[in-house]
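Student: Input: one structure, supplied below.
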Amino acid sequence: SLCITSLFSLQSECRALISHGTAMFKKTALVIFLLLLTFPSGLHAADYAPFGLTWGATAKQITAAGIKLKPIEDDFYQTPNVPANADWAKTYVLYIDKKLGLVRVAAYTEDIANDPSGQTGKRTYYRLKAELERTFVQVGNEEKDSATPGVVVPKGMSFYTCLESGGPCGPWFSTFVSGDINAQVVLDALDKDAGYVSVIYENNALARKLGK
């Protein structure tokens, strides 16, 4: 599946698999941020899976902990609840390899509606980015804000339309690393006046073994 090839693929391909209970799958808004506040000496905070989950855990082990998993494609599962829920997260998508267990975790905010200028989406993005900066080292980003020279939303076009069309407004993402864990926060479009923010975590030590 294209969904498992990279951190970017999980965000761009698998968001469409999340159902809102309609005949068509709808892109959901999801934002992640939750890492434990206290860690044993010598360990990176990011070495722990987010939301109280455990890297390498099997689907059976996760469901045994009381988490209801809904299969959505191949080894991807959707759940509205995790052991330690974030109050801003609408839903979670877990990639649980049959042999390797939990490899990736994504969380999505509720839809950020009635936001044609993108200001609410940008505030949410920066809030979650700041949280990631506490435990990760940023290794790349691209944020084409209105303050960036040459970046102007075309007249009559909303921010999200501009973002989705690949115009001068996007993309918006920041990528982080700590030890063997990657994290990425992304601001994306849902429709012309709405968007969402997602945060994706990947255990690189496990991901490198995929397909071997």
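The values are calculated or read from the model by the stated rules, or taken from the named source; none is laboratory data. These numbers come from a predicted model, not from an experiment. Please note: Cβ atoms are built from the backbone with ideal geometry, for glycine as well, and neighbour counts cover all protein chains shown. Quick note on the areas: whole protein, heavy atoms, side chains included, nothing else; ligands and nucleic acids left out. Shrake-Rupley method; radii C 1.70, N 1.55, O 1.52, S 1.80 Å.
Student: Quick one: which of Lys68/Lys192; Lys60/Lys90; Lys90/Lys155; Lys60/Lys192; Lys68/Lys209 span more than 30 angstrom between C-alpha atoms? Can you show the working numbers first?
Tutor: On the way: Lys68/Lys192 33 Å; Lys60/Lys90 23 Å; Lys90/Lys155 33 Å; Lys60/Lys192 40 Å; Lys68/Lys209 26 Å.
Over 30 Å Cα-Cα: Lys68/Lys192; Lys90/Lys155; Lys60/Lys192.
Student: Right, something else. Leaving out ligands, DNA and RNA but keeping every protein chain, what accessible area does Glu133 have, in Å² rounded to the nearest 10, with a 1.4 Å probe?
Tutor: Approximately 90 Å² of Glu133 is accessible to the 1.4 Å probe.
Student: Same structure, new question: Applying 1/(1 + (r/R0)^6) with R0 = 35 Å to the Cβ-Cβ distance of Arg127 and Lys68, what FRET efficiency is obtained, to the nearest 0.05?
Tutor: Details: r = 28 Å, r/R0 = 0.81.
The pair Arg127/Lys68 has a calculated efficiency of 0.80.
Student: Residues with amide H under 5 Å of Lys90's amide H, sequence separation 5 or more or different chain, H placed in the peptide plane at 1.01 Å from N; which?
Tutor: Val31, Tyr108, Thr109, Glu110
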